[in-house]
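The values are calculated or read from the model by the stated rules, or taken from the named source; none is laboratory data. In this text, all values refer to a predicted model and were calculated from it rather than measured experimentally. We place every Cβ from the backbone using ideal geometry, glycine too, and count neighbours over all the protein chains shown.
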Amino acid sequence: MAEGQWYWCLTHKAVEPYEACRAEVRLGPYSTKEEAGRALERVAERNESWDTDPRFNDPEDDEDDPVA
């Protein structure tokens, strides 16, 4: 394990080292326990940013879109 690899486990809702749960149920790596502890906050911040990014927001009314 590299120094400073910490993860947020979605199953246990806790900060864990590399050797803990499998990759598919965790977020990271983070360089500190504190950063890993804020993982869900960062996810929420990024989701909000992406949800409000005009480059990725389509108009609500897609009547002219043949794919819709």
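Among strands (runs of 3 or more DSSP E) entirely within the chain, having at least 1 residues that are among the aliphatic types (A, V, I, L, M), modelled with pLDDT of 90 or more and in contact with a strand residue (DSSP E or B) (Cβ under 6 Å, 6 or more places away or on another chain) singles out 14-17, 26-30. Note on the stretch 12-31: residues that are free of Cβ contacts under 8 Å to residues at least 12 places away in the same chain and loosely packed, with under 13 Cβ neighbours inside 10 Å total 5.
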